[in-house]
Amino acid sequence: MSKLSAILQVDNPALDRAIGLYRDIASDHMRALSSTGVAFAPCDEVRAGRRELLEQLRRVGARVRNGGASVALGPLSRGCVACTGSCTSRSYALTNNCHRDCWFCFNPNQEKFAYYCEHPFPWRRQLDLLAQEDAHPACVALTGGEPLLMPDEACAFFARASELFPDAHLRLYTSGDLLDEALLVRLREAGLDEVRFSAKQDDPPHLVEKVFANMALAKRVVPTVMVEMPVIPGTEKQMQGLLQRFEEVGIDGVNLLEFTYAMWNWEVYESLGLALKNPPYPVFYDYVYAGSLAVQGSEELCLRLMLWAHDRGLGLAMHYCSLENKHRAQIRNLTEPYARINKCYAFDYDDFFLKTALAFGPDRAPVRSVLKARGCTELLEDDESDATSFHPRWLSVAAKAKGAAGRPVQLCVSYNVVVEGDGAPVFRELKVERVSDAPSVRLDDVTSRDDEAAGTLQSF
């Protein structure tokens with residue numbers, strides 16, 4: 001908040017209560033996380049360095065997607081385009097077992113992890129249930145664990161998915177060292193469209209070379225070959241070398257993932273001098289993605305690597321996928337079906353929360369008067385919270401209202417999801433923020449429009 005804004009503001013206990021409630025929830029959550037022994041970086045709500053990197057990427061033609069949670073240089077995979085779509089991309093597993101032992105793996109953080117190490121996932125039943133839904137997926141993925149520990153089952157999975165969803169884009173996530181040409185051919189014949197290799201910065205040289213050899217094999221058999229890997233702070237030179245090797249192999253694209261901590265094995269993170277992003281989320285909520293908490297500095301390194309690759313003329317399509325981008329997929333699936341549930345709420349196409357604009361306390365009457373004079377008749381009055389809600393499209397009009405002694409009114413935005421309550425959908429408010437501190441509410445789907453214009457890897 002600017003000094004001028006602070007001077008012009010008058011006491012508004014109702015507004016202070018609304019904002020303070022969610023600040024207290026966030027503070028309690030941070031204290032609970034810190035009590036587990038993890039270390040957070042100093043709080044940085046502005047993140048000016050990130051903003052400057054995003055601007056540099058914009059200037060070289062990158063698409064900043066989903067409100068900055070995703071950045072693309074070149075075409076994306078169909079899977080990445082669909083990821084934050086409304087239930088258009090679905091992922092399944094055969095097993096949680098893996099022959100690797102990556103210290104940052106977040107699979108152990110998943111529900112029933114141990115059970116699905118001992119028992120296979122019921123993927124056949126899961127695909128059959130998916131086929132009974134009204135809308136079929138644009139993409140179906142097989143992940144793990146390591147799916148190729150069960151090669152026959154992996155082939156059977158893609159054959160069944162191809163049968164049930166003939167128009168879907170089918171992709172495989174794998175470490176890559178269990179592949180050979182015969183298996184690649186079987187997978188392709190079963191319907192596989194894309195393979196994503198999970199390259200690791202700290203793999204021993206012989207394993208790195210084996211995976212690179214299998215990438216080259218995959219390029220001859222599978223239409224789209226990608227690498228998807230977390231980016232660990234402090235590995236910039238290693239990552240630059242890997243990107244150069246990917247270019248030489250001729251893979252189609254690289255997904256750079258924000259590095260995360262999944263609430264186990266903190267000792268290794270601590271030994272590397274890593275800390276966690278603070279605040280960990282723009283909006284605190286019960287996120288289900290097992291990656292859990294983002295590591296400070298990973299996002300900035302991902303963006304610098306994209307600029308480095310562009311400056312050196314690498315032909316790789318590149319995508320930065322943040323932890324927040326994965327959370328937004330969950331939020332979109334919760335909220336988009338209810339985008340028009342109430343005329344005072346808007347579906348925000350940047351972060352996918354349902355938003356309503358708010359005036360509190362002494363600002364309610366002047367805002368109400370200005371809005372009605374300009375034709376806004378859809379208002380929600382909450383006398384208990386001393387608040388008036390209206391659609392965010394009217395914010396610029398409401399801002400013209402004058403409060404006591406001609407001072408500007410203080411407007412807020414409320415962030416909401418929809419949950420089932422007593423058999424009917426109800427709003428669950430997650431945050432109230434001053435308009436001056438909040439990003440603009442995006443009312444048009446600019447990300448989908450830009451993605452369509454750019455095409456996908458599969459169309460080139």
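I'd like the full set of residues that are within 19 Å of A339 (Cβ to Cβ) and out of contact with any Pro (no Cβ under 9 Å at 6 or more places or on another chain), limited to the range 377-414.
E378, L380, S389, F390, H391, P392, R393, W394, L395, S414
For A329, are the conditions met, namely being aliphatic (A, V, I, L, M) and either outside any helix (DSSP H, G or I) or modelled with pLDDT under 95 (or both)?
yes
Starting from the range 265-282, take each residue that is touching a residue at least 12 places away in the same chain (Cβ under 8 Å) and list its partners that are charged (D, E, K, R), counting only C-beta distances under 8 angstrom and pairs at least six apart or across chains.
K277/E299; N278/D44; P279/E45; Y281/E324; P282/E324; P282/D351
For the list (1) closer than 27 Å to P108 by Cα; (2) surrounded by fewer than 16 Cβ atoms within 10 Å (Cβ to Cβ), I need the number of the one condition that T260 fails.
Only one criterion is unmet by T260, namely (2).
Would it be correct to say that V288 is modelled with pLDDT of 95 or more and of a type outside the set (S, T, N, Q)?
No; evaluated as a whole, the condition is false for this residue.
Checking A199 against (1) closer than 19 Å to D252 by Cβ; (2) free of Cβ contacts under 8 Å to residues at least 12 places away in the same chain; (3) part of a loop (DSSP other than H, G, I, E, B), which test does it fail?
Exception for A199: condition (2).
Please verify whether the range 44-64 includes one or more residues that are among the β-branched types (V, I, T), under 26 Å from the mean Cα position of the chain (by Cα), part of a loop (DSSP other than H, G, I, E, B) and under 23 Å from S436 (Cα atoms).
There is at least one residue in the range 44-64 that is among the β-branched types (V, I, T), under 26 Å from the mean Cα position of the chain (by Cα), part of a loop (DSSP other than H, G, I, E, B) and under 23 Å from S436 (Cα atoms).
Report yes if A309 is surrounded by 18 or more Cβ atoms within 10 Å (Cβ to Cβ), assigned to a strand (DSSP E or B) and in contact with a strand residue (DSSP E or B) (Cβ under 8 Å, 6 or more places away or on another chain), otherwise no.
When the stated conditions are applied, A309 does not pass them.
Hey, P122 hits all of (1) surrounded by 19 or more Cβ atoms within 10 Å (Cβ to Cβ); (2) at pLDDT 95 or above but one; which does it fall short on?
(1)
Conditions (1) closer than 28 Å to E194 by Cβ; (2) in the same structural domain as S91 (by TED's automatic domain parsing); (3) more than 18 Å from the chain's Cα centre (by Cα), marked per residue:
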| site | (1), (2), (3) |
| --- | --- |
| E248 | yes, yes, yes |
| V254 | yes, yes, no |
| A275 | no, yes, yes |
| V283 | no, yes, no |
| L314 | yes, yes, yes |
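Yes or no, residue by residue, for (1) in the same structural domain as L274 (by TED's automatic domain parsing); (2) within 29 Å of the chain's Cα centre (by Cα); (3) closer than 22 Å to H310 by Cα; (4) not small (G, A, S):
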| site | (1), (2), (3), (4) |
| --- | --- |
| A190 | yes, no, no, no |
| D193 | yes, yes, no, yes |
| H206 | yes, no, no, yes |
| V211 | yes, yes, no, yes |
| T224 | yes, yes, yes, yes |
| I232 | yes, yes, yes, yes |
| T235 | yes, yes, yes, yes |
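The values are calculated or read from the model by the stated rules, or taken from the named source; none is laboratory data. Since the model is a prediction, treat every value here as computed from it, not as a measurement. Counting neighbours? That spans all protein chains shown, and the Cβs are built from the backbone with ideal geometry, glycine included.
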